[in-house]
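The values are calculated or read from the model by the stated rules, or taken from the named source; none is laboratory data. Here the structure is a predicted model, which is why all the values come from computation and not from measurement. Note that each Cβ is placed from the backbone with ideal geometry, even for glycine, and that neighbours are counted across all protein chains shown.
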Amino acid sequence: MGNKQTIFTDEQLDAYQDCTFFTRKEILRYVLRSVLQTVTPQLCNIKESESLNIITFAEDIQSKHFQGLHGRYHELAPHLVPMDYTNDPDCKLPLALIVNMPELKENPFRSRIVESFSEDGMGNLSFNEFVDMFSVLSEMAPRELKAIYAFKIYDYNVDNYLCKEDLEKTLNKLTKEELTPEEVELVCTKTIEEADLDGDSKLSYSDFENMITRAPDFLSTFHIRI
C-alpha cells in the first residue's frame, strides 16, 4: 500500500459504519432485521439478551479496523478497488479472489463462508460485505452472531433448515472426507435423532442453537484473524 492513504468522506465513513456492525444506531436494523429475516424466520425470535450482546459487539469495533480492512480489500485487486472512495465506487470482488486470501484458503468452508456473506449468493463481495464477513468472524463477535452465520454456512440448499444432506456435506468438510459413507450416515442420523426437537427429521435454527449450547467449544474456532 506504500504511503497511500485511504480516502473517504465523513459521510461515507458514517454510512459504512451504520451498515457493518460498527455502531449502535444501525445494528438492530442491519443485523436483527435484515440479516436475521433473510437467514430464517425462526431467527427473528432471538432473545433480548442476545440482541444486547450483538449491540455491545458493534459498539466495540473501531474505525481503525474498518480502514485496515479496506487496505486488505484493496490489496486483492488494486486495479479494481480505488483508494479514494469519495466518489462512492460500485465495486465487487469475485469469489476466486476472496477465497485465496491467506486467512481463508486453508478453510474447508471458504467458499460457503464467502457465499453466505454475498448479496448475490455467488460470493461476489462489495466492501461492505467484506467488512461484514471479517467482523462476524473476528474473535470479538458474540457467540449468538457466530451461531447465526454457522447455521447459514452449513445450510447448503438454502432452505432455512439443516437436513441430512447438509449435515453430510458439513461432516465431510470437517473430517476432510476421512470417514466412510457408512460412518457419515450414522453420525448424521444420530445427530438428527438427538437434536431434532420437533420430529421433522431436520434441524431448525432453534434445534441447531440448542445443540451447540451442549458443545461449548463448537464455535471457539469460528474466527479468522486479519
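For a quick check of your reading: which helices (runs of 4 or more DSSP H) sit entirely within the range 142-204 and have at least 2 residues that are modelled with pLDDT under 95, among the aliphatic types (A, V, I, L, M) and within 26 Å of Asp132 (Cβ to Cβ)? Give the steps one after another, and end with the answer.
Details: elements: 143-154, 164-174, 181-195.
Per the criteria, 143-154.
Is at least one residue of the range 79-87 among the aromatic types (Phe, Trp, Tyr), over 22 Å from Lys169 (Cα atoms), buried (at least 21 other Cβ atoms within 10 Å of the Cβ) and touching a residue at least 60 places away in the same chain (Cβ under 8 Å)? Walk me through it before giving the result.
Step one: of the range 79-87, the residues among the aromatic types (Phe, Trp, Tyr) are 85.
Going one step further and asking which of them are over 22 Å from Lys169 (Cα atoms), we end up with 85.
Add one more test, that the residue is buried (at least 21 other Cβ atoms within 10 Å of the Cβ), and what stays is none.
No: zero hits.
Which residues, taken from the range 144-188, are crowded, with 19+ Cβ neighbours inside 10 Å and over 15 Å from Pro108 (Cβ atoms)?
Within the range 144-188, Glu144, Leu145, Lys146, Ala147, Ile148, Tyr149, Phe151, Lys152, Asp155, Tyr161, Leu162, Cys188 qualify.
May I ask you to verify whether Asn100 is on the phi < 0 side of the Ramachandran plot, touching a residue at least 12 places away in the same chain (Cβ under 8 Å) and either in a loop (DSSP other than H, G, I, E, B) or out of contact with any Lys or Arg (no Cβ under 9 Å at 6 or more places or on another chain) (or both)? Give the steps one after another, and end with the answer.
Details: on the phi < 0 side of the Ramachandran plot: yes; touching a residue at least 12 places away in the same chain (Cβ under 8 Å): no; either in a loop (DSSP other than H, G, I, E, B) or out of contact with any Lys or Arg (no Cβ under 9 Å at 6 or more places or on another chain) (or both): yes.
Criteria not met by Asn100.
Considering each residue of the range 108-141, count those that are more than 13 Å from Lys152 (Cβ to Cβ), at pLDDT 90 or above, touching a helix residue (DSSP H, G or I) at 6+ places or on another chain (Cβ under 7 Å) and not charged (D, E, K, R), and give that number.
Residues that pass the stated criteria total 7.
Which one of the conditions (1) within 19 Å of the chain's Cα centre (by Cα); (2) more than 19 Å from Lys169 (Cβ to Cβ); (3) at pLDDT 85 or above; (4) of a type outside the set (Phe, Trp, Tyr) does Asn210 fail to meet, given that it meets all the rest?
The one condition Asn210 does not meet is (1).
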